[in-house]
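The values are calculated or read from the model by the stated rules, or taken from the named source; none is laboratory data. These numbers come from a predicted model, not from an experiment. Don't worry about glycine lacking a Cβ; one is built from the backbone with ideal geometry, like all the others, and counts go over all protein chains shown. Accessible surface is based on the protein model in full, side chains and every heavy atom, while ligands, DNA and RNA are left aside. Shrake-Rupley method; radii C 1.70, N 1.55, O 1.52, S 1.80 Å.
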Amino acid sequence: MAKVTDGEPEEPAPVPQRLLAAATRLFAERGYDRTSVQEIVEAAGVTKGALYHYFGSKEDLLQEVYARVLRLQQERLDAFADADAPVEKRLRDAAADVVVTTIENLDDAAIFFRSMHHLSPEKNKRVRAERRRYHERFRALVEEGQRAGVFSTATPADLIVDYHFGSVHHLSTWYRPDGPLGKQEVADHLADLLLRALRP
């Protein structure tokens with residue numbers, strides 16, 4: 001039933017969004033392997049037929065939970081990388097953004113790192129390829145700055161990238177929205193640490 005806001009009926013969210021929202025909440029609360037398809041469709045207020053129409057399987061839902069965040073982050077990284085700004089600013093903006101977008105989607109990140117082993121080898125390979133594309137674009141910014149003499153070449157670009165993303169990937173294990181640091185503060189601190197590590 002549609003909600004009513006200021007006298008106007010509010011349209012319900014599209015079925016795929018409802019399924020993803022329900023799956024994300026349940027996977028985060030109970031774990032992927034302890035959540036049934038029936039529980040997902042009941043929480044989303046749809047039928048099993050609707051789930052299989054849009055996603056094909058519970059595993060497809062798990063893959064999409066992570067893939068949607070990665071797509072968003074890739075689009076944003078591409079925009080930062082292509083911006084008309086000094087490489088130091090572009091890298092810092094990208095480094096801070098991936099922290100903010102990960103914190104804004106903490107459940108998705110936690111589900112993925114906890115449940116990735118449930119994906120089939122083919123889906124696992126696809127997700128890893130998408131992550132690699134993101135990391136390679138990020139690394140290209142580090143390498144651009146190193147070639148220009150803006151960043152130190154003392155540490156290999158690959159290690160610098162792994163250093164930053166190691167921090168990002170652990171956010172879901174310790175960050176709390178009600179903690180002492182807001183998402184932008186954490187993002188600024190981690191981005192500044194990265195830039196300090198690259199100073200000549």
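What the table below lists for this structure:
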{"quantity": "Subset tally (residues that are of a type in the set (A, V, I, L, M, F, W, C) and either over 22 Å from the mean Cα position of the chain (by Cα) or open to solvent by 70 Å² or more (accessible area, probe 1.4 Å) (or both)) for the range 45-77", "calculated": "3"}
{"quantity": "Neighbours by Cβ (under 9 Å, 6+ apart or cross-chain): first from the range 14-25, in contact (Cβ under 8 Å) with a residue 60 or more places away in the chain and over 12 Å from E39 (Cβ atoms); second assigned to a helix (DSSP H, G or I) and aliphatic (A, V, I, L, M)", "calculated": "T24/L61; T24/V65; T24/I111"}
{"quantity": "Residue in the range 99-110 that is part of a helix (DSSP H, G or I), of a type in the set (S, T, Y), open to solvent by 30 Å² or more (accessible area, probe 1.4 Å) and out of contact with any strand residue (DSSP E or B) (no Cβ under 9 Å at 6 or more places or on another chain) present", "calculated": "no"}
{"quantity": "Subset of the range 163-195 (residues that are loosely packed, with under 13 Cβ neighbours inside 10 Å, in a helix (DSSP H, G or I) and at pLDDT below 95)", "calculated": "G166, T173, W174"}
{"quantity": "Yes/no for T101 being touching a Phe, Trp or Tyr at 6+ places or on another chain (Cβ under 9 Å) and under 24 Å from E64 (Cα atoms)", "calculated": "no"}
{"quantity": "Check on V87, modelled with pLDDT of 95 or more and either open to solvent by 10 Å² or more (accessible area, probe 1.4 Å) or under 26 Å from D33 (Cα atoms) (or both)", "calculated": "yes"}
